[in-house]
Amino acid sequence: MTTPVLFLLDHTRPLEETLWVLGDLCKDRDLGIQVLVCPDEALLRLVTPAGWEALTGHPVVSEQELPKYLEQKPLAVFCQDWRQDLAPMLAHSGIPVLLWGDELPPGVPPGSVALPEFEAMEILRRLEQLATPQDFAGKTVLVTAGPTVEDIDPVRFITNRSSGKMGVAIAWAAAVRGARVLLVHGPMTAEVPDFPGLEKFPVRSAQQMHDVVRDHWSEAQVAVLCAAVADFRPDHYVPQKIKKIEGEGMVLVLERTPDILAELGAMPKHPFLVGFAAETDDVEINALNKLRRKHCDLLCANDIRKPGSGFAGDTNQITIYAPDGTVLALPMLSKQGAAYRILEEIAKRV
Ligand code: CTP
C-alpha cells in the first residue's frame, strides 16, 4: 500500500498521544502508507511545520491545500474531530473518513468508520481494510500459532522452535479481510496485538491446543494451522523436580501427541484446511506427502535452511501446494506479506 492518508489534527487532543501514534505509523516505511498531516493553527504553534515534516517525512498540508490533496484521492482522511467548517468539503470528496470517537455524524462518505480508540494498530487495520476486499466478512478463520510446550517436571520441558510470527501475521491478514479470527496459540515470543474480531486462546501443550481446536473447529469455515506442535511428549508428568543421580544418565520415554491437522483432515466435513510444513530436505516431496496424508486444501512449505526462511526472522519464502497440482512459489517476503498472499489464495477457493 503506497497510498497517501491525510490526518487532520486537532489541538484539543493530547499532543503526546498524537505524536506517539503518528510516530508508530511512520516508523515502518514498509507499510507503504504516506502519512500527510494537516494540523490546525493552534497545533502548528506547538510543533512547527519542520517538526511535523521530520516526523512524517512529508511537508505539512495546510488547510488551504486540502482541496488539492483531496483531489489526489487519498485512501482515507483521519479526523481527530469532526470540524463543521471542513465537513462539507470532506462529505463532498467521497473519501472515507476515520473519525476518532464513538459514532459517525450524518453525511460522512460511504466506508467511513468511527474509531473509539486512537491507536496505531487499529488505524492501520482500518486503512488496510479500506484497501483490501472484505471477502472474509461473515467468515470465521481458526488459526493455530507458536510452539507447544510439553512439561517433563515443574522445571523442565520439551518444545519446538517457533516465534509464532507467521501465525500472528495470518490472523492479522484474515482480520484485515473482515474475518472473525480464533487464534489458538502456544507460549510465543511474537506479540499478539488486540484487534476487534480477534479472539485469543492461549494454551501450553499439544493436548490443550487440540482440545481448544476441537471445541471451536465447527464454527470455522477456514482453518490455518501454523503451530509448530510438539510431536512427542513425556509419557508421564513428574510433579516433583527430577533429581540427578551421580554418574547415571536418564531415559525419557516419549509418546505421540495428537496430530491436530491430520485429525481435522480426516473428518468427513471440515473447514477449508491449510497446513504448514517447515522442511530441511526434499521440500517438494515432503510437502506433497503432507498435503495428501493430512488431507489439506492447501499446504504452505518453506525450506528452513534457506537464509531468510527460518524461525525467528521477519521474512519467509513459501511455496503453496494445492491438491489439483497447482504450485505457487512466492518470492522472499515479510511474514506479513506472505500472509496476505496466502489469504489471497484461500480467498480464491472458499
Ligand atoms: N501439526 C498439527 N499437530 C501436530 C503436528 C503437526 O496440527 N501434532 C500441523 C502443523 O501445525 C502444520 C503441519 O501439521 O500445519 C506440519 O506438520 P509436521 O509436524 O511438519 O509434519 P509431520 O506430520 O510431523 O511430518 P514429519 O515429522 O514427517 O515432518
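Of the residues making up region 208-237, those that are away from the ligand (no atom under 16 Å from the Cβ) and not in a loop (DSSP other than H, G, I, E, B) are SER218, GLU219.
Can you name every residue in region 169-194 that is in contact (Cβ under 8 Å) with a residue 60 or more places away in the chain and within 18 Å of ALA227 (Cα to Cα)? Passing the criteria: ALA169, ILE170, TRP172, ALA173, ALA174, THR189, PRO193. The residues of region 257-282 that are within 11 Å of the ligand (Cβ to nearest atom), free of Cβ contacts under 8 Å to residues at least 60 places away in the same chain and surrounded by fewer than 20 Cβ atoms within 10 Å (Cβ to Cβ), listed by number, are PRO258, ASP259, ALA262, GLU263, GLU279, THR280, ASP281, ASP282.
Given the condition more than 25 Å from ASN316 (Cβ to Cβ) and of a type in the set (S, T, N, Q), answer yes or no: does some residue in region 272-280 qualify? The answer is no; no qualifying residue exists. Number of residues in region 129-163 that are assigned to a loop (DSSP other than H, G, I, E, B) and either surrounded by fewer than 22 Cβ atoms within 10 Å (Cβ to Cβ) or modelled with pLDDT under 95 (or both) equals 13. With a requirement of 3 or more residues that are under 21 Å from ALA227 (Cβ atoms) and in contact with an Asp or Glu (Cβ under 9 Å, 6 or more places away or on another chain), the strands (runs of 3 or more DSSP E) lying completely within region 238-332 that satisfy it span 254-256, 272-279, 298-303, 319-321. Taking residues in region 50-70 that are touching a residue at least 40 places away in the same chain (Cβ under 8 Å), and partners anywhere that are among the aliphatic types (A, V, I, L, M) and surrounded by fewer than 13 Cβ atoms within 10 Å (Cβ to Cβ), not one pair has Cβ atoms closer than 6 Å while being at least 6 places apart or on different chains. Within region 86-96, being within 11 Å of LEU8 (Cβ to Cβ) and assigned to a loop (DSSP other than H, G, I, E, B) holds for one residue alone: LEU86.
The values are calculated or read from the model by the stated rules, or taken from the named source; none is laboratory data. Quantities reported herein were computed from a predicted structural model and do not represent experimental measurements. Reconstructed Cβ throughout: ideal geometry from the backbone, glycine too, with neighbour counts over all protein chains shown.
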